[in-house]
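The values are calculated or read from the model by the stated rules, or taken from the named source; none is laboratory data. Predicted model, so just to flag it, every value in this text is computed and none were measured. Here the Cβ is made from the backbone with ideal geometry for all residues, glycine too, and neighbour counts use every protein chain on show.
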Amino acid sequence: MAPAAATAAAGRKSPVTVLLLYVACAFILLFLLTSYSPRLQPHSHGRSLHRRLKLHPKSFPSSPAASGGSEGHQQQQRNHHHHAASFDPAIAELERRLDDKEWEREHYRLLHGDEDGDGPDDHMKEWEEFLKEEEDFINDDDRFNLADRIHALFPKIDVSPTDGFVSLDELTRWNLEQARADQHHRSAREMELYDKKGNGIVSFATFNTLRQESHGDGNMLGFPWWKEEHFNASDANGDGFLDKSEFNDFLNPSDSDNPKIINLLSKQEIRQRDKDGDGKLNFDEYFNGLHDHIHGYDDENADISHIGNITVAKDRFSKLDKDNDGFISEQELEPVLDKLYLSERYYARQQAIHAISEV
C-alpha cells in the first residue's frame, strides 16, 4: 500500500505548482488583453493611473476590393491589411460600433442618397462624444476591470479539455471565433449597400449595378473576383441569390468551406499559371509559379534552403500528383489552397503562437 500511496502522491501537483500554473495562464490572458485590445496611449485623462486605452476603427477596406497583382504581391497585401480581432469580445463590440460609424460616414451617399439635408458630417456630429463615452468606459477600473475580464474569459477559452490550462489549440480556436465574428459583422454591414429591399438576399444584377458606384474590379486574391462566375459559385443552394452566409463567402472566399468556391479558386490558380493552355500544371509551370508560395506559409517542414530547390520541388510535386500522370489538376491543387489564400484560421494560429511565445 505504501508504494501505491507514494505513487499517487507523486502524481499530484503541489499547491505551489498549481498556483504558479494559474499565474502563468493569467499572465497569458493579461498579455492578450493588452495586445489585442485597443492601442495603449500615454495617460492624458481618465481614471487609469498608468495608461489610457484608446478605441480606434480597424480601417478595413469597405469590401475586399483592392488592386490585383502577382500572387506574391497578393499575399503581401493580405498580410499588410490584416488586422487581428480584439481578444476581448467586450472590446470587440465597442470597436465594431466605432467602425460602423466610420463606415456609415464613408458610405453615407450610397446609403441615404444625395437628397438635400444633413450631409455625412452633420449626420456624424455626435462622433467625438460617442468616442469619448466609450473610451471613458474602458478606462474606468470600476466598470471595466482587467482582472475581472481575465476571470470571465479564462473558462470560455479553457474548454478542450477543461483542465486549468490554455493550450495553443484552445487559444487558436478563441482567436478564430473572434475573427469570424468580426468578419460576419463586416459582411452583413456591406450587404446593406446591395440589399435595397431589405429582404436579406442579393441578386447578381443588383450587386453588379451598385458595385460600379463604390468599388473597383479586383481584390486581395490577385485577380478580379466580381464576375458572375464567382457570384454563382458562392450561391450554395443555387437559387440565384446570395443570403447573408453566402454573401460572406463571396466577400471572403479564402475562409469558405463551399466546395464550389474551393474548386473555383483552384481553377483560377491553374488558369494563371497554365502556360500551354491544357488546363493543368506540368512541373515547370508548378516550379516557376507555385512551389515557393505553397511551401512558404505555415509549413513545418519549410526551410530557406528549399526555396528554388528543384529536388525538393520535384518531391513535393510528386506528392501533389496523386494519379502520377505528371500533372497537377484542379482537384489535386485543392488540398494546398490554404497556403495560397491565407485564411482567418492561419492568422488566428499565428497570433496564438506569438502570444504564448511572449510568456
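Here the condition is being among the basic types (Lys, Arg) and either more than 21 Å from Asn252 (Cα to Cα) or modelled with pLDDT under 90 (or both); of Arg105, Arg180, Arg173, it holds for Arg105 alone.
Across segment 242-255, what is the number of residues that are assigned to a loop (DSSP other than H, G, I, E, B) and modelled with pLDDT under 95? Spell out how you get there, then give the answer.
Initially, segment 242-255 is screened for residues assigned to a loop (DSSP other than H, G, I, E, B), giving 243, 252.
If we keep only those that are modelled with pLDDT under 95 as well, we get 252.
Selection size over segment 242-255: 1.
Among the residues of segment 335-343, none qualifies, meaning not one is surrounded by fewer than 17 Cβ atoms within 10 Å (Cβ to Cβ), modelled with pLDDT under 90 and either within 25 Å of Pro259 (Cβ to Cβ) or out of contact with any Leu (no Cβ under 6 Å at 6 or more places or on another chain) (or both).
Listed conditions (1) in a loop (DSSP other than H, G, I, E, B); (2) at pLDDT 75 or above are all met by Ala205, apart from (1). Summed over segment 152-183, residues that are surrounded by fewer than 19 Cβ atoms within 10 Å (Cβ to Cβ), closer than 18 Å to Ala90 by Cα and touching a Leu at 6+ places or on another chain (Cβ under 9 Å) total 2.
Restricting segment 208-241 to residues that are at pLDDT 95 or above, outside any helix (DSSP H, G or I) and hydrophobic (A, V, I, L, M, F, W, C), the residue that is farthest from Gln272 (Cα to Cα) is Phe241.
Conditions tested, residue by residue: (1) at pLDDT below 90; (2) among the charged types (D, E, K, R); (3) not in a loop (DSSP other than H, G, I, E, B).
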residue: Leu265; (1), (2), (3): no, no, yes
residue: Gly279; (1), (2), (3): no, no, no
residue: Phe287; (1), (2), (3): no, no, yes
residue: Ser305; (1), (2), (3): yes, no, yes
residue: Ser318; (1), (2), (3): no, no, yes
residue: Gln331; (1), (2), (3): no, no, yes
residue: Arg349; (1), (2), (3): no, yes, yes
residue: Ala355; (1), (2), (3): yes, no, yes
